[in-house]
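Note sheet for the following structure.
We did not get these values from a lab; they are worked out from the coordinates using the rules stated. Keep in mind the model is a prediction, meaning the values are calculated, not measured. Please note: Cβ atoms are built from the backbone with ideal geometry, for glycine as well, and neighbour counts cover all protein chains shown.
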Amino acid sequence: MSFDTRILCIGAGYVGGPTMAVIADRCPHVKVTVTDINRQRIDAWNSNDLPIYEPGLDLVVGRARGRNLFFTTDVAAGIREADIIFVSVNTPTKAFGEGAGKAADLQYWEKTAREILANSERGKIVVEKSTLPVRTADAMARILNSNSRGIRFEVLSNPEFLAEGTAVRDLELPDRVLIGSEETPGGIAARRAVADIYATWVPRERVLEANVWSAELSKLTANAFLAQRISSINAMSALCEKTEADIDEVAHAIGTDSRIGPKFLKASVGFGGSCFKKDILNLVYIAESYGLHEVADYWESVVRMNEWQEARFVRTMLTNMFNTVAGKRIALLGFAFKADTGDTRESPADAVARGLLAERAHVVISDPKALANARRDLEDVTGQVEFEDDPYKAAAGAHAIAIMTEWSEYRTLDYNRIYAAMEKPAFLFDGRNILDHRALFDVGFNVFPIGKVALKHF
Ligand code: NAD
Ligand code: UGA
């Protein structure tokens, strides 16, 4: 089969895998190769057991794999043949040296730039898909264009806005695709070439073009705004608990104002996921490095509020369970940071589990998709935590259950059966406000939602 464009994606993770699978599925004329240094991940992408759980992804991969979608560890060969290279490697928070705990760790990123340079025999379009600090494209272009072979690279920013659990839908029907480039003839031509690929299935007016710095900063801004809404509603949830207001009623009342809108107003035990905290801290670091301390403080408070909400949840459990959970079995239902993913990165369930362990509780964790990741995350406390696939077994003999992830199956569990097998008084803490609290109270539970009056039998 002949292809008119060859795309390579470096990094076969939660973003690289699904994004490239959808491009390949929608553009049979484009050859898409995805590469990673992690052989196990690549083997899994080539198997029927994909390395990430994402609804609908197996069908998309199944349609394109072997036709125009390929997964390989041969980065060098992939670079040589590619016209366009997407870089989708991880950009975690730096854990050492200058900026530790806030700045982005760009070591994987820079390594890829050098690899591209070493293996390129002609000019290419290099696309930042990873979330990066504003002005990273400058560093990337300098490394790539420092060659003495006269090879010219165009560096674009095409940040990804997909959310886990809905990645396939978000990629197939995006609100927008954003592509930034230098405002030079070469830069504009490069961004048009990438825009043309997306326009195969995305309406043209949703493919936004911008200067490269705006594109980079828009991604950090979008995540900061989304997280800020959650911290704002969570701040109000604490006030609701003190005043007998109901957070879902407040969210509905404000969300019907078209200027505010209804989305991302669900109060919870806290936001998790690999990006919100990391990207906000990155923004904070950038603001600080430009001397904009008030800007930095403002955004950092979004993260502080989230940490407070997680800690508050543990405190609510502790104080209502007679100020001690030591030795008490507590079942956490859900460990994924949200429903429909097996991803547990920065999950609020981790913070809650550790808070309870610090109080010497006996913690049992259940989750339909994330137990393997939960085991890995809690390796350092092995022996102190139990893992149980079956939520009924997890809850048997427990003093309390706590909903940590909004998995739909938790809405329809047989709570009469669960209650019957628990120690009494039985406590239920709904960290996602997904259950029918009045019905559970009638079953016999003492129910503690987020941002609503607790329903207690004593
Ligand atoms: P991930 O850790 O799942 O995947 C990154 C992959 O890159 C890993 O498999 C790693 O082995 C590989 N890698 C690292 N260095 C490499 C190299 N030199 N050569 C080849 N492969 C290499 O990360 P992710 O969740 O896919 O996130 C990637 C980027 O996308 C991050 O910047 C993140 O902020 C951003 N992002 C993530 C999401 C999300 O939902 N997870 C959404 C939007 C944006
Ligand atoms: C988020 C953004 O939504 C994506 O647009 C972005 O691309 C991505 O981060 C990224 O850059 O990684 P994701 O973290 O996958 O996506 O999932 P979200 O749906 O945003 O949920 C994040 C966290 O907030 C979850 O823990 C979720 O349970 C929580 N949340 C979300 C709430 O507590 N309340 C809400 O109203 C919404």
Quiz prompt | Length-normalised contact order of segment 213-458 in % [C-alpha pairs under 8 Å, at least 6 apart] | solution = 20 percent
Exercise. Kindly write out, for segment 116-130 in residue order, the coupling ³J(HN,Hα) from the Karplus curve 6.51 cos²θ - 1.76 cosθ + 1.60 (θ = phi - 60°), rounded to whole Hz, with x marking Gly and Pro.
Key: 4, 4, 5, 10, 9, 9, 8, x, 8, 9, 10, 10, 6, 9, 4
Quiz prompt | Estimated [θ] at 222 nm from DSSP helical runs (n ≥ 4, -39500 (n - 2.57)) normalised by residues in the chain, nearest 500 | solution = -13000 deg cm²/dmol
Quiz item: THR93's amide H: which non-local residues (gap 5+, or another chain) put their own amide H closer than 5 Å, with H modeled 1.01 Å from N in plane and none for Pro or chain starts?
Solution: ASP105
Quiz prompt | Debye log10 I(q)/I(0) at q = 0.06, 0.10, 0.12 Å⁻¹ for the chain, Cα point scatterers | solution = -0.29, -0.78, -1.06
Quiz item: Taking GluC sites (Glu not before Pro) that fall in a DSSP loop and have at most 15 other Cβ atoms within 10 Å as cut points, what is the longest piece of the chain between them?
Solution: 245-422
Practice problem: List every residue whose amide H lies under 5 Å from the amide H of PHE71, counting only residues 5 or more places away in sequence or on a different chain, with H placed 1.01 Å from N in the peptide plane. | Solution: VAL34
Quiz prompt | HN-Hα J in Hz across segment 351-357 - Karplus 6.51, -1.76, 1.60, θ = phi - 60°, x for Gly and Pro | solution = 5, 5, 4, 5, x, 6, 5
Quiz item: Counting other Cβ atoms within 10 Å of each Cβ, which trypsin sites (Lys or Arg not before Pro) in segment 413-458 have at most 16 and sit in a DSSP loop?
Solution: LYS456
Quiz item: What are the ³J(HN,Hα) values, in whole Hz, obtained from phi via the Karplus relation 6.51 cos²θ - 1.76 cosθ + 1.60 with θ = phi - 60°, for each residue of segment 330-336 in sequence order, with x given for Gly and Pro?
Solution: 10, 9, 9, 8, x, 10, 5
Exercise. Report, by chain and number, residues whose modeled amide H sits under 5 Å from the one on ALA210, excluding near sequence neighbours (fewer than 5 apart, same chain).
Key: ILE179, GLY180, SER181
